[in-house]
Structure formats: structure tokens, C-alpha cells
Amino acid sequence: MKADAPGAVLKRERVRDFILDLVESQQPGDPIPSERALCARLGVSRPTLRAAVDELVAAGLLVREHGRGMFVAPEKITQELVSAEQTMTAPQASGAWSSRLLEFTTIPAGARVGRRLRLSPAAEIVYVARLRLVDGAPMAIEHLHIRADLVPTLSAQELETGDLYEHLREQHGVHVQEAVQAIEPTVVTKAEAELLDVPELSPALLFERLTSDTTGRPVEYVHSIYRGDRYRIVSRLTLGPSVAAPTAPLGHHPGIPPGDFAHRDTIESSTRGDIQSGA
């Protein structure tokens with residue numbers, strides 16, 4: 001497995017965040033600047049910029065049109081697993097998890113991460129990139145963005161051993177309570193493939209999570225790439241008794257076609273990660 005040069009992960013992350021900020025500030029179908037203009041603005045090489053663009057095209061966020069340029073892709077269909085009034089538990093995934101630190105530094109939040117953490121773009125965050133392993137095999141690449149003012153003494157050892165949220169609670173007095181997480185399919189880039197020991201463009205799962213503490217204050221924004229050949233999500237849905245909710249909107253739960261259950265029935269859900277055995 002080939003490791004990235006120091007700072008390479010962070011450089012790609014900053015380029016990715018800049019382009020994503022452009023995407024989020026515009027409407028579907030709007031053009032974005034050319035690769036040449038973006039390279040000049042960001043001070044990066046064409047291969048570095050193109051790798052980030054290729055990743056966002058593969059993720060369905062950008063569209064290339066030959067001879068015309070790049071455009072913001074149509075919006076994706078979004079569906080919550082459970083409603084805000086219902087509960088979801090997330091048992092720990094199987095296997096023995098460990099971490100290898102790739103990057104650990106303090107940087108300005110920037111516009112995109114700052115919006116998520118409700119911080120000024122100039123406010124400091126702790127940026128962490130780490131390779132997550134299960135039973136010694138690479139499983140995921142995590143990019144963590146944590147408010148620096150909450151973890152002034154956060155150490156590299158805490159990020160490589162034990163549970164991060166337990167460290168936040170026990171060592172830093174930060175009590176996380178709620179997380180909003182989105183999952184969607186993607187493919188791995190060349191750099192990600194080298195770290196995960198899979199072929200380039202292999203299928204993967206993209207996780208994005210915003211974690212808040214007991215006061216509702218955002219603590220951490222994370223996006224992660226999980227191997228699609230070894231990791232899957234399993235949900236357990238339990239049909240409950242009907243609830244008097246005459247104004248409840250029609251809808252359906254993932255994998256359950258509309259009309260299979262009465263729309264006023266409650267569904268309790270629990271979700272876990274499941275590691276597939278290696279070949």
C-alpha cells in the first residue's frame with residue numbers, strides 16, 4: 001500500500017472543498033469556471049484539479065459537456081430513513097477497528113466547513129485524515145473537521161486508538177448527542193484506491209456526517225469513503241401500531257414501495273455497518 005506524501009491529502013481536500021463550495025452556491029445547470037481558471041485561482045496543477053473534478057463528476061455533483069465545459073448537476077433525490085419524531089440506533093460495525101493517521105493539523109475552516117460548523121471561515125478547526133482498518137485491512141478513509149476551540153489538547157494518540165467520541169467526552173468535556181448522516185454511492189479516486197488497496201474507480205460508499213453536542217452546537221463535520229466491496233449497511237425496520245396522524249404526508253421508507261404499509265403506521269429502525277469477509 002502506497003502512502004501519500006505529507007500534505008497531499010490536505011491539498012486535495014482543500015481543492016475539493018473549494019469546488020463543492022462553488023457547487024453549493026449555484027443552481028443545477030449553472031456553469032463553473034474552467035479547469036484552467038480554477039488551477040490559476042487555487043495555485044494547483046492540472047492533474048490535482050482534474051482528480052478533484054473527476055471525483056465530483058463520478059459522485060454526480062458535476063456534469064461535463066464536451067465543448068461546453070462543466071456544470072452543476074441536477075439535484076439528487078433525498079429520503080430520510082426515519083422521520084424526526086422516530087428513533088434510530090446505530091450499533092457498532094463488526095470487526096476489530098483501528099486507525100492510521102494520514103494528516104493532523106490546525107487550519108482555517110474555510111467557507112464550506114465553516115457553514116456546517118457555524119464558524120467564521122477564518123476560525124480554526126482541527127483537520128484530521130485517517131485510514132480506518134478492520135482486522136488490519138484498510139476499510140475507509142475519514143476526513144474529520146473538529147472545532148479547534150473545543151479540543152485544544154487533542155493528541156495524535158487519541159485519533160489512532162480508542163473511540164473518538166469517548167475521548168471527546170472524557171478528555172475534552174465535549175458530550176456529543178446527535179448526528180445527521182447521509183450515505184450515497186461513489187467510486188474511489190486513484191489516490192483513495194492506493195490507500196484502500198483496491199482498483200481505481202472501484203465502487204464505494206460516501207458518508208457525510210454532522211455531529212452536535214447536548215446544546216445543539218455543531219462539533220464535528222466528517223466525510224468518509226468506505227470500500228464498497230467489503231462494507232454494507234443493514235437496516236432493521238419494525239412495523240408499529242397505527243398512529244392518529246391525519247396530516248401525515250404520504251411517503252415511503254427505503255426499500256419499501258409506497259402503499260405496502262399504511263402511511264400512518266410507525267416504523268422503528270436500527271442500522272448497523274457490516275463487514276464482508278475478504279476474498
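The values are calculated or read from the model by the stated rules, or taken from the named source; none is laboratory data. Keep in mind that what you see is a predicted model, and the values were worked out from it rather than measured. No Cβ is skipped: glycine too gets one built from the backbone with ideal geometry, and neighbour counts run over all protein chains shown. Ligands, DNA and RNA are excluded from the accessible area calculation, which covers all protein heavy atoms including side chains. Shrake-Rupley method; radii C 1.70, N 1.55, O 1.52, S 1.80 Å.
Just a few scattered comments:
- Filtered residue count, the range 116-142, keeping only those that are outside any strand (DSSP E or B) and of a type in the set (D, E, K, R): 3
- Among the residues of the range 174-195, not a single one is out of contact with any helix residue (DSSP H, G or I) (no Cβ under 7 Å at 6 or more places or on another chain), at positive phi and surrounded by fewer than 16 Cβ atoms within 10 Å (Cβ to Cβ).
- For the range 55-75, filtering for residues that are of a type in the set (D, E) and either surrounded by 17 or more Cβ atoms within 10 Å (Cβ to Cβ) or under 17 Å from the mean Cα position of the chain (by Cα) (or both) leaves 1.
- The range 210-233: number of residues that are within 21 Å of E55 (Cβ to Cβ) and either under 15 Å from the mean Cα position of the chain (by Cα) or part of a strand (DSSP E or B) (or both): 10
- Residues satisfying the stated conditions in the range 213-232, i.e. open to solvent by less than 20 Å² (accessible area, probe 1.4 Å) and without any contact (Cβ under 8 Å) to a residue 60 or more places away in the chain: D213
- Residue-level analysis places R46 among those that are open to solvent by 50 Å² or more (accessible area, probe 1.4 Å) and at pLDDT 90 or above.
- The set of residues in the range 125-155 that are β-branched (V, I, T) and under 12 Å from L101 (Cα atoms) comprises V128, I141.
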